[in-house]
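Notes for the one structure printed next.
No value in this document is a laboratory result; all are computed from the given coordinates. Note that the structure is predicted; figures quoted are calculated from it, not measured. Counting neighbours? That spans all protein chains shown, and the Cβs are built from the backbone with ideal geometry, glycine included.
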Amino acid sequence: MATVAAPPIAKIRNYIDGQWQNPPAGEWLEVTNPATGEALARVPLSPASAVDQAVEAAAAAYPAWRRTPPENRIQPLFKLKELLEKNLHELAAMVTKENGKTLVEAEGELRRTIENVEVACGIPMMMQGYNLEDVASGIDEMMIRQPLGVVAAITPFNFPAMVPFWFLPYAIACGNTFILKPSERVPLAVARIFELLEEARVPRGVVNLVHGSKAAVDALLDHPKVRAISFVGSTPVARYVYARAGASGKRAQCQGGAKNHVIVLPDADMKMATQIITDSAFGCAGQRCLAVSVAVTVGDAQKTFADSICEAASALRVGNGLEKGIQMGPVISPESKKRVQSMIDQGHGEGAKVLVDGRGAKIEGGERGNFLTPTILDDLPPESRLADTEIFGPVLTLIHAPDLDRALAFLLRSSYGNQASLFTSSGAAARRFRYEAPAGNIGINIGVAAPMAYFPFSGWKDSFFGVEHGQGRDAVEFYTEKKVVIERWAAEHSRKF
Ligand code: NAD
């Protein structure tokens, strides 16, 4: 029988100054499908010289782009929205292949991507300043917003398309030129989106894409022509990026990791709470920064909720996200799978009972994939190390409190503050929770409290370093500099005309 040669693996290229190109040097990394282990592509780990090229291209494009009227700057974004809608299914399949999340989850991600493009199209309104006549007799004062110049974003693996769009559309609509350094683990969908940006006729140099890892990030952080850095990823790297960007005088917004709590009160609608918390904890295989990781049950909710969540978690269909009916995909890499398994071991060692055990999952046809099934740990001692460690996998921990006061105390103790949720039918309890919960994104009977694009994607404590967040009005604040002008014109000159 004749053998057929396997097709060569595609090489992903950088997009700099309107040209698709290989970096001048550096290594290449294999990108694999986490559900099958199949090699999808090779991505360059670009050296500092490629970053330098991108920064010079962005700097050269800046003067003309900044002078382009905002109304004209948003025209390519309208076109991009149309192209993203048209290619949504193709892009979602790419996200599923490179990241592992299900097709339904990937389509949801693409919708959120598009939503950010739509909101940025409002820049001619959102970017306006304000003014006042006669701050003193015959003197007027105004605040105008101007773009910063060259700005950059560094993004994580878990939302390959959406997270870059918390930044890109706002940055360029405000008149900046932009460089993206996406996660080297998921470079495919974003590369395709850059083709769409090209098709939407974003002028050359206005958006640039440089693949890579630490060397490329460090080159952006140190480059004197980069004015601002947006980062999303784990807390240790967020802290590092914030410090290093600050050391070279850049403004920075750095979103970090999470350990999100949900409190379930006994008066909650248990059926609804179970369904929503199951999706929050195990959707995207627990690899959402807003995934619920700890459920604190209060009073009688302990028994009712534990029983129902164990049943729901055990019933989830785990497998290749491209297949119909699959509700949870694999985790991103074999290393991630190992890390999550060892954290479950650690929780067990620290005193937790393993009510549902996802270690050693056997998925038919998924032998080469990074599969775990949902895990539920019960009664993890609150003072254990795991209680405040981000797991970033499909593991939910249950802890118990006699009342809301003591349930809130668990949240106050956490070093993270990305999201906190409450399930209840009491308005008074909900108001108290909203008032006191120490987190930036709050859900009341909501499992994934992801802000819409016209609200800031908040985050507190070790989940965020900076002042202005991504999305909405915060994005406009971040990507513009305020200039205040005070004007006097001698009245007699106007009488000449
Ligand atoms: P990561 O921190 O490993 O990587 C994020 C980015 O930083 C990537 O582009 C990567 O190339 C780069 N990077 C990694 N190590 C670096 C280093 N030592 N020096 C410089 N750059 C480095 O994060 P990840 O594993 O891709 O993503 C998962 C993490 O992101 C989780 O902790 C999750 O909670 C967090 N996250 C947070 C939010 C949020 O809104 N707060 C959103 C999504 C993801």
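What is the dipole size for the stretch 319-459, taken about its Cα centre, with +1 at each Lys and Arg Cβ and -1 at each Asp and Glu Cβ, in debye to the nearest 20? Working shown, then result.
On the way: 14 positive and 15 negative charges, 57 e Å.
Computed about the Cα centre, the dipole is about 280 debye.
If you fit an axis through the alpha-carbon atoms of helix 235-247 and take the longest principal axis of the Cα set of the chain, what angle between them do you get, 0 to 90°, nearest 10?
Compared with the principal axis, the helix lies near 20 degrees.
Tell me, what ³J(HN,Hα) does each residue in the stretch 220-226 have, in order and in whole Hz, if you take phi through Karplus 6.51 cos²θ - 1.76 cosθ + 1.60 with θ = phi - 60° and put x for Gly and Pro?
Listing the rounded values in order: 5, 5, 8, 5, x, 8, 8 Hz.
To check you understand DSSP bridge types, tell me what percent of the beta bridges within the chain (both residues inside) are antiparallel, rounded to 5.
Numbers: 31 of 74 bridges.
Roughly 40 percent of the beta bridges in the chain run antiparallel, per DSSP.
Using modelled backbone amide H atoms (1.01 Å from N, in-plane), which distant-in-sequence or interchain residues come within less than 5 Å of R42's amide H?
A10, K11, I12, V31
Any idea which of H400, S336, T68 is furthest toward the positive side of the dipole for the chain, if Lys and Arg beta-carbons carry +1 and Asp and Glu beta-carbons -1?
Highest projection toward the positive end goes to T68.
Ordered by residue, what ³J(HN,Hα) values in Hz, to whole numbers, does the stretch 347-357 give under the Karplus form 6.51 cos²θ - 1.76 cosθ + 1.60, where θ = phi - 60° and Gly and Pro are x?
Result, ordered by residue: x, 4, x, 8, x, 7, 8, 8, 6, 10, 10 Hz.
Just to confirm the number: angle between the C-alpha axis of helix 75-86 and the first principal axis of the chain, 0 to 90 degrees, nearest 10?
30 degrees
For the stretch 291-301, just list the computed ³J(HN,Hα) in residue order, Karplus coefficients 6.51, -1.76 and 1.60, θ = phi - 60°, integers in Hz, with x standing in for Gly and Pro.
Result, rounded to whole Hz: 5, 6, 10, 10, 9, 9, 8, 10, x, 5, 5.
Shape of the chain from its Cα gyration tensor (a ≥ b ≥ c, root eigenvalues): rounded if a/c is under 1.5, otherwise prolate when a/b > b/c, or oblate? Could the numbers behind the result be given before it?
Numbers: a/c = 2.18, a/b = 1.33, b/c = 1.64.
Oblate.
Among I12, V117, S314, flag the residue with its Cα farthest along the positive direction of the charge dipole of the chain, charges on Cβ as +1 for Lys/Arg and -1 for Asp/Glu.
With unit charges placed on the Cβ atoms, the residue in question is I12.
With a/c under 1.5 counting as rounded, go ahead and sort the stretch 15-120 into rounded, prolate or oblate using the C-alpha gyration tensor (a ≥ b ≥ c being the square roots of the eigenvalues; past the cut-off, prolate if a/b is larger than b/c, else oblate).
On the way: a/c = 3.23, a/b = 1.14, b/c = 2.84.
Since a/c reaches 1.5 but b/c is at least a/b, the shape of the stretch 15-120 is classed as oblate.
When the dipole is taken about the Cα centre of the chain, and only Lys, Arg (+1) and Asp, Glu (-1) are charged at their Cβ, what size is it in debye, to the nearest 20?
On the way: 52 positive and 54 negative charges, 186 e Å.
Rounded to the nearest 20 debye, it is 900 debye.
Say the dipole of the chain comes from +1 at the beta carbon of Lys and Arg and -1 at that of Asp and Glu; which of S49, P374, N158 then lies farthest toward its positive end?
Positive-end residue among those listed: S49.
What is the Cα centroid distance between the stretch 422-465 and the stretch 267-283, reported in whole angstrom?
The stretch 422-465 and the stretch 267-283 have Cα centres spaced 16 Å from each other.
Would you mind ranking D462, D218 so that the residue whose beta carbon has the fewest other beta carbons within 10 Å leads the list?
Details: D462 21, D218 16.
The most exposed by this proxy come first: D218, D462.
Relative contact order, percent, of the chain when contacts are C-alpha pairs under 8 Å separated by at least 6 residues?
Numbers: 1126 pairs, mean separation 90.0, N = 497.
Normalised by residue count, the contact order of the chain is 18 percent.
Pairwise over distinct Cα atoms, reciprocal of the mean inverse distance: report the Kirkwood radius of the stretch 260-444 in Å, one decimal place. Don't skip to the answer; put the middle values down first.
Values: mean 1/r = 0.0608 Å⁻¹.
About 16.4 Å for the stretch 260-444.
Of all DSSP beta bridges in the stretch 260-444, what percent run antiparallel (nearest 5)? Before the final figure, lay out each step's value.
Numbers: 3 of 26 bridges.
The antiparallel proportion sits near 10 percent.
As a quick test, which of the pairs K181/K353; K214/K337; K11/K101 have an alpha carbon distance above 32 angstrom in this structure? Walk me through the intermediate numbers first.
Details: K181/K353 41 Å; K214/K337 23 Å; K11/K101 23 Å.
As for pairs spanning more than 32 Å Cα to Cα, those are K181/K353.
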